Amino acid sequence: MRNHFDESQRLALSRRGFLGVAGLTLAGAWAPASGARRRRRSEDPVFSWAELRPGLFVSVSQRLGGNVVASKSERGGFVIDASFAGVGPALHAEATDRVGSVTHLVNTHHHGDHTGGNVAFGAGVVRIAHENAAPRIAESRDRYLDQLRGTMRQFGNERGEVNPAIQAGVESLLAREAELKADDWRPAVLVCREHFKNPLEGEVTFHRFGPGHTDNDLLVMLDRHDVLHAGDLCFHGLHPFFDPPGGASARGWVASIIKARELCGEKTVVIPGHGPVGDRAILDAQRVYLEALIEHVTREIRAGKTRDEVVQMSWPFMDGLGFPQARPRALGAAYDELVGEVGHP
Ligand SMILES: [Zn+2]
């Protein structure tokens, strides 16, 4: 299990390198005090919040892991996805500033760039995830602690400086490292479990359509706002990340995306797990990618290509997408899944 978790973290780190090369501005990044650039103050937000609807905030940032939502509601403030452990305290503070006391936290799936920050929300918060996510999160304590210890490397600038809000939060968590238990991350309310009662009833509806990106993907519909958080079932403008040990399935992913699309009307706003916010067209784009992946890899297997050959391939539907490190991984995962259907060459 170690591999997939570490790999998702490593790829998240290397996205930063990719964006640096592309010369893009990293919202929420720590900027050094040089030239005309002012030193960021501790009160500057770490996350890049936009108010999507009144009382509903979203932060999209390649560097900060999965896209995060904070929303006011009749049942208290809630947050969807918790980013990495090292920025969890900053996320908790910034979400509280915007939506008031955070009473509920939802994880769209178990990956460490969506769950590492769970610990920062404290024992009083109601943590909600799919039932398959719970054991995967619970067994990841050591990796979350590794995230905490690696915070300066991950979020610091070239001089090793990090946003003071991040630093203060990490120091306070590491000061009680020995006390931190798996339960400090583990969800308590498990969607799909028998007798599941939705604590955010009237605000949020959870959907799960089988294995796709992982075996525990939750689609989170914010009913009052007509906004869907699709989690990592949707990568917008990026190659999708495949995690076979975490239950990924290209065919299952297509089926889930088709169902997710049916939840959306013309005006539904769709928040992907990674990449900019869009509408239902970004789900269509994800489906097109996955169907093309299945079609092309199947054809190459039939033509007798080996796995090593297939993972080096690329086709026009893959052109121009970010997160290029995920491409060979997607090809390899699709090969492994489809070779059983097609038969070995
Ligand atoms: Zn993921």
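The values are calculated or read from the model by the stated rules, or taken from the named source; none is laboratory data. Only a predicted model underlies this, so the values are computations on that prediction, with no experimental measurement involved. When we count neighbours, we look across all protein chains shown, and the Cβ atoms used for this are built from the backbone with ideal geometry, even at glycine. Only protein heavy atoms, including side chains, enter the accessible area calculation; ligands, DNA and RNA are left aside. Shrake-Rupley method; radii C 1.70, N 1.55, O 1.52, S 1.80 Å.
Computed quantities for the displayed model
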item	result
Hydrodynamic radius by Kirkwood, which averages 1/r over all alpha carbon pairs of the chain, in angstrom	20.4
Debye log10 I(q)/I(0) at q = 0.12, 0.20, 0.22 Å⁻¹ for the stretch 143-253, Cα point scatterers	-0.69, -1.12, -1.12
Protein-only accessible surface order, largest first, of Lys72, Lys305, Lys267 at 1.4 Å	Lys267, Lys72, Lys305
Accessible carbon and sulfur surface of the chain relative to its total accessible area, %, 1.4 Å	50
Filtered GluC sites (Glu not before Pro), the stretch 256-342: DSSP coil and at most 10 other beta carbons within 10 Å	Glu266
Accessible area of Thr306 in the full protein assembly, 1.4 Å probe (Å², nearest 10)	70
Estimated distance in nm for a label pair at Thr306 and Arg149, the labels positioned 7 Å out from Cα along Cα-to-Cβ	3.8
Asp308 accessible area, 1.4 Å probe, all protein chains in place, Å² to nearest 10	110
Accessible area expressed per residue, the chain, with surrounding protein chains retained (probe 1.4 Å, Å²)	40
Karplus-derived HN-Hα couplings along the stretch 152-158 (A = 6.51, B = -1.76, C = 1.60, θ = phi - 60°), whole Hz, x at Gly and Pro	4, 5, 6, 10, x, 7, 5
Normalised contact order of the chain, rounded percent, pairs of Cα under 8 Å and 6 or more residues apart	14
Contour excess over end-to-end distance, with Cα ends at Arg75 and Met313 and 0.36 nm allotted per residue	80.8 nm
The stretch 203-345: translational diffusion in µm²/s, Stokes-Einstein, Kirkwood Rh over Cα pairs, 25 °C, 0.890 mPa s	160
Largest-first ellipsoid semi-axes for the stretch 94-201, taking √(5λ) over the Cα gyration tensor eigenvalues, angstrom	27, 16, 12
The stretch 32-153 - convex hull of alpha carbons, volume per residue in Å³	115
Exposure rank, largest accessible area first [Asp142, Asp97; 1.4 Å]	Asp97, Asp142
The stretch 100-246, relative contact order in percent, only Cα pairs under 8 angstrom and at least six apart counted	27
